[in-house]
Amino acid sequence: MKFPKALGNILRFELLWKLLFFCLLNPLFSGAYHIYVSTAGLRFNSGIVWPFFSLTGGILFLVLFFGAAWLILYEYSVIIRILALCRQEEDFTLGQVMKASLWDMGLLRGGGLLPGAMYYVLLLPLVGIGYISTMAPKVTIPWFIFGEMQKTGIGTVGILAIYVAYHTVHLLLLFAPVDMALRHHRFGQAARASLHCWRHMGWRRILAVLGALIAWNRAFTELARYWRRNLLNSSDFDSGFFKYLLYSEAFRKDLLYWLLLSLLQITAMVGILWLLTAILSKTSGARASLQPAWGQDGAAVWEIITRRFAVWAARWKGRMKKRRWQLGAAALSLALIASLFLNIQNPLLVHRPFAIAHRGGEGGVENTLEAILSAAEYEIDYAEIDVQLTADGVPVLFHDGNLRRMAGRGENIGELTWEELQKVAISDNRYPDAAASIASLEEVLQSLAGSPDMGLLIELKPAAGGSEALADTVIQLVERYEFGERAMFMSLDYLCLLPIMERHPEWWVGYCAYGVTGDIDDAVWRYQVDFLAVEEALVNTRLVAQARELNLPVYVWSVYDSEKMLQYLEMGISGIITDYPDEIAAVCKNYRNSHPNAEYIWQEPGLPHKEALNRW
């Protein structure tokens with residue numbers, strides 16, 4: 001009965017801790033962050049780190065980072081202490097364990113503060129095996145980074161090296177949190193104790209630990225294959241929770257899965273930590289205690305705080321017994337409920353979802369005319385292409401800044417003329433033996449002129465200082481072939497978009513982002529764009545809801561899984577950019593057929609007319 005008792009107490013604690021986190025701790029952390037960002041100025045993409053290079057920003061970052069580490073340590077300490085006390089068959093209350101574990105946060109200080117914080121906030125959530133916390137359940141390296149790395153042999157080796165490195169460190173330090181909770185060691189001591197434990201615990205126990213970790217990884221890997229949708233994160237549990245629950249089809253599905261997954265993860269973590277606690281107890285004699293680790297001084301401070309809180313609680317309890325206080329509380333509650341329901345509304349989507357082929361799709365070498373024409377064979381709305389200028393000012397389709405990955409040459413696109421580039425044969429990881437030709441934007445516009453079924457999403461990629469020149473050249477070509485009503489324009493460089501918006505305010509222009517500081521609604525008003533194209537890691541319920549309230553379509557890149565494609569459409573995403581035009585065409589078609597009553601501001605095919613949107 002020891003394990004069931006421990007599991008029951010830990011589930012009670014986790015429920016309480018998650019409520020405290022979502023209702024109090026997370027709003028405090030995110031509120032402090034957004035207040036600073038709104039005063040320091042919003043940043044996109046590579047500029048998101050600059051607000052934290054100031055003294056104020058640096059201090060805020062350290063406070064939030066170390067604060068998260070202390071809270072994660074506290075959560076693990078409570079769980080480990082409960083397990084150890086149940087193994088020791090000692091009586092305790094949840095309140096006693098939570099109070100005693102408060103002092104464990106002081107173990108993360110001094111020279112071990114920084115490596116300990118990186119261990120708790122970054123490494124454990126990155127590995128995601130054995131330890132799962134409420135504050136940082138999962139940290140992932142954005143796929144667009146690994147996706148680009150795996151397109152080269154060296155990059156693939158680098159991915160493997162990174163993977164092996166962080167899993168090895170995680171394995172070696174596996175006993176560190178247990179040692180800190182039971183033996184009250186600081187992080188450096190606990191790390192050494194973990195290595196000592198591995199050396200002295202014997203082969204049977206080593207195999208037991210490795211088997212448990214492998215079973216965890218196998219079980220949750222199989223579960224992830226079954227449920228491939230993105231998981232909810234802390235940003236989804238904000239003040240709009242009830243609105244999401246009422247109106248978001250995706251949120252309701254994902255919430256049920258989140259609840260089930262949380263239960264399974266907590267149970268699995270209890271099993272792993274039960275084993276680790278037993279091994280550490282036998283190898284080092286470690287035992288749990290209900291006495292605060294800081295001794296009499298800490299106990300005296302806690303006693304003072306407890307007494308003050310008891311006096312305050314008794315005072316408010318007495319006041320609430322009086323009728324006028326009860327009536328006031330009831331009136332306030334009714335006002336809050338009324339405000340909640342009055343402000344819950346579900347704005348219409350701007351247009352039906354667009355299926356967009358990333359870099360032309362997989363029907364040919366990326367960004368080539370063959371890939372684009374191949375995508376046109378499916379029910380694709382737009383082909384996304386990357387456009388740069390050659391040395392003699394010709395806009396060509398190419399993603400990278402240089403030819404190394406696709407042609408094995410070190411020159412940059414802007415260093416060669418169009419005539420020289422026409423002699424360069426290119427290939428990619430999907431077609432390694434191809435000898436394709438680089439296409440010019442004019443060739444693509446000519447080829448699509450007689451095929452009105454598909455448009456272009458043109459991403460402008462200017463060289464340093466070449467924003468205006470690239471924009472001017474693209475505008476001239478689009479005007480010449482009268483392609484403006486079938487084209488969308490976006491860029492990571494906002495300055496490159498200004499000439500297009502000034503000369504053709506009727507054209508559909510958006511901003512491309514893979515990182516953003518601050519709230520998305522502030523960014524939208526400042527940048528005055530028609531749509532956002534965001535990297536997949538940025539997508540969450542809050543972002544989509546805020547953009548939707550502003551009649552702002554959101555397109556997400558680059559999505560490789562059909563289940564995630566469907567999830568994004570159910571969230572309210574207006575366009576999906578993927579390498580697989582056949583899959584996204586089928587998903588969009590099935591979604592439209594299963595949601596025949598979906599309402600959009602713009603009901604017609606193609607891009608909305610801005611005059612129609614302005615009426616909303």
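The values are calculated or read from the model by the stated rules, or taken from the named source; none is laboratory data. Quick caveat: nothing in here was measured; it's all calculated off a predicted structure. Ideal geometry is used to build each Cβ from the backbone, glycine not excepted, and the neighbour counts take in all protein chains shown. Remember, those area values only see protein heavy atoms, side chains included, never the ligands or the DNA or RNA. Shrake-Rupley method; radii C 1.70, N 1.55, O 1.52, S 1.80 Å.
Some notes on this structure:
- One decimal place: the segment D472-I162 gains 107.4 nm when fully extended, by the rule 0.36 nm per residue minus the C-alpha distance.
- Local electrostatic count, L416, Cβ distance below 10 Å [Lys/Arg +1, Asp/Glu -1]: -3
- In this simple spin-label approximation, E563 and T56 carry label points 7 Å from Cα along the Cα→Cβ vector, and these lie 4.4 nm apart.
- Whole-Å distance, taken between Cα centres, linking the range 538-605 and the range 237-288: 29 Å
- Placing R0 at 35 angstrom, the Cβ-Cβ distance between L550 and R12 gives a FRET efficiency of 0.25 after rounding to 0.05.
- From the alpha carbon centroid of the range 388-403 to that of the range 175-215 is 54 Å.
- Structure note, pairs K138/K282; K243/K589; K423/K461; K18/K243; K138/K253: Cα-Cα distances above 24 angstrom occur for K138/K282; K243/K589.
- F13 sits among other residues whose Cβ lies under 11 Å from its own Cβ, and their net charge, with Lys and Arg +1 and Asp and Glu -1, is +1.
- Between A219 and L114, the FRET efficiency estimated from the beta carbon spacing at R0 = 45 angstrom works out to 0.85.
- In terms of Cα atoms, the Rg and Dmax of the range 386-526 work out to 16.0, 47 Å.
- Protection proxy ranking, peptides 195-201, 159-165, average beta carbon neighbours within 10 Å, highest first: 195-201, 159-165
- Rounded accessible area of H595 (nearest 10 Å², 1.4 Å probe): 50 Å²
- A Förster distance of 51 Å, applied to the separation of the beta-carbon atoms of E420 and F3, puts the FRET efficiency at 0.10.
- For the range 354-451, taking the reciprocal of the average inverse distance between every pair of different Cα atoms yields a Kirkwood hydrodynamic radius of 13.5 Å.
- Aspartates and glutamates whose Cα lies under 13 Å from that of K5, excluding same-chain neighbours fewer than 8 positions away: E89, E90, D91
- Using 0.36 nm per residue and subtracting the Cα-Cα separation, the extra length available between E506 and E249 on full extension is 89.2 nm.
- Taking label positions 7 Å along the Cα-Cβ direction at both L260 and A598, the computed distance is 2.4 nm, reported to one decimal.
- Modelled label positions at I206 and L94, each set 7 Å beyond Cα in the direction of Cβ, lie 4.0 nm from each other.
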